[in-house]
Amino acid sequence: MNKQELIERMADKTKLTKKDCGAVLDSLLSTVTEALQEREPVKLSGFGSFEAKRRAARTGRNPQTRETVEIPAQIVPAFKAGKGLKESVAGQREN
């Protein structure tokens, strides 16, 4: 599902216009992004939590040349699924 398809489903469920749903989704995404930039976790009960985690510096390897490369430490976004989301997805049967 892409962003436009998500907006269409939101509009169907909420009876809001696609334009309004797009604005709400854009606002949500920018708010979560700003919070993560400030290293503030975002917790959505039953769904999951977003946080900015520090990834330590490490040595990697270029798969084409097999040359070792130093990868610097960096801050990366992380998502951890909440109990409700895990249970709803795990309860589905595989096809």
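I'd like to check something: does segment 62-84 contain any residue that is of a type in the set (Lys, Arg), under 14 Å from the mean Cα position of the chain (by Cα), modelled with pLDDT of 95 or more and surrounded by 12 or more Cβ atoms within 10 Å (Cβ to Cβ)?
Yes, the conditions are met somewhere in segment 62-84.
Looking for something loosely packed, with under 12 Cβ neighbours inside 10 Å and more than 20 Å from the chain's Cα centre (by Cα) - is there at least one such residue anywhere in segment 22-31?
Within segment 22-31, none of the residues are loosely packed, with under 12 Cβ neighbours inside 10 Å and more than 20 Å from the chain's Cα centre (by Cα).
For segment 33-56, check the following and say yes or no: at least one residue is surrounded by fewer than 10 Cβ atoms within 10 Å (Cβ to Cβ), of a type in the set (Gly, Ala, Ser) and over 16 Å from the mean Cα position of the chain (by Cα).
Checked segment 33-56: at least one residue is surrounded by fewer than 10 Cβ atoms within 10 Å (Cβ to Cβ), of a type in the set (Gly, Ala, Ser) and over 16 Å from the mean Cα position of the chain (by Cα).
The values are calculated or read from the model by the stated rules, or taken from the named source; none is laboratory data. Being a predicted model, the structure only gives us computed values, none of them experimental. Ideal geometry is used to build each Cβ from the backbone, glycine not excepted, and the neighbour counts take in all protein chains shown.
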